[in-house]
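Reading through the structure tokens given below for one structure.
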Amino acid sequence: HALLARTRPPVDRALLEVRAAAYEIGAALSEGDRQAAVEAVLRCLEDPLLVEARRAERVHREYPITYEIGGELYEGVIDLTWFDGSRWTVLDYKTGPADEPRYRRQVAIYGEALRMATGAPVRLIVLEII
């Protein structure tokens, strides 16, 4: 996740591998796991959604939000959000199974916070990285 959040195209594979090695400190990843992470990031960056984001009018990575509704305060960090001129897209990366109600709720809260702040419609996406 950290590797994906900090990598922007065009991608220098050698630099990506160095970053992967740096991020694994303390995680004790095997060489195979590190290479799998590099490959997953490379595949993800070529996903049509991320290609779309690169063309957007505004793009934010690791975008912090705070939202209050019904006396409940929600704080979080949107992995990737972009505005194409007519709507926002909120994309959350998941490195495991993405089809969980808690993830849909998380992204819905992010989307509602962004909609309330901007008045623009919001598209919500949970992207499973495998």
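Would you kindly identify the helices (runs of 4 or more DSSP H) lying entirely within region 1-92 that contain at least 3 residues that are without any contact (Cβ under 8 Å) to a residue 40 or more places away in the chain?
Correct list: 13-23, 31-45, 48-54.
Which of the residues belonging to region 88-118 are closer than 16 Å to residue 51 by Cα and of a type outside the set (S, T, N, Q)?
Once the filter is applied, which keeps residues that are closer than 16 Å to residue 51 by Cα and of a type outside the set (S, T, N, Q), region 88-118 yields 88, 90, 91, 92, 93.
Which is among the charged types (D, E, K, R) and modelled with pLDDT of 95 or more, of 105, 123, 55, 61?
On inspection, the qualifying residue turns out to be 123.
Check 81, 66, 95, 89 and return the single one that is hydroxyl-bearing (Ser, Thr, Tyr) and loosely packed, with under 11 Cβ neighbours inside 10 Å.
That would be 66, the only listed residue that is hydroxyl-bearing (Ser, Thr, Tyr) and loosely packed, with under 11 Cβ neighbours inside 10 Å.
Filter region 54-94 down to residues that are in contact with a Pro (Cβ under 9 Å, 6 or more places away or on another chain) and of a type in the set (Phe, Trp, Tyr), then give me how many there are.
Of the residues in region 54-94, 1 are in contact with a Pro (Cβ under 9 Å, 6 or more places away or on another chain) and of a type in the set (Phe, Trp, Tyr).
Which residues, counting only those in region 98-130, are closer than 28 Å to residue 36 by Cβ, assigned to a strand (DSSP E or B) and either of a type in the set (Asp, Glu) or open to solvent by less than 80 Å² (accessible area, probe 1.4 Å) (or both)?
125, 126, 127, 128
Of the residues 37, 5, 14, only one is surrounded by 11 or more Cβ atoms within 10 Å (Cβ to Cβ) and at pLDDT 80 or above; which?
Residue meeting the stated conditions: 37.
For region 91-130, give me each residue that is closer than 20 Å to residue 47 by Cβ and of a type in the set (Lys, Arg).
Of everything in region 91-130, those that are closer than 20 Å to residue 47 by Cβ and of a type in the set (Lys, Arg) turn out to be 94, 104, 123.
The values are calculated or read from the model by the stated rules, or taken from the named source; none is laboratory data. Values in this document were obtained by computation on a predicted structure and should not be read as measured data. Cβ sites come from the backbone with ideal geometry, for glycine too, and all protein chains shown count toward neighbours. Note: accessible area is taken over every heavy atom of the protein model, side chains too, but ligands, DNA and RNA are not part of it. Shrake-Rupley method; radii C 1.70, N 1.55, O 1.52, S 1.80 Å.
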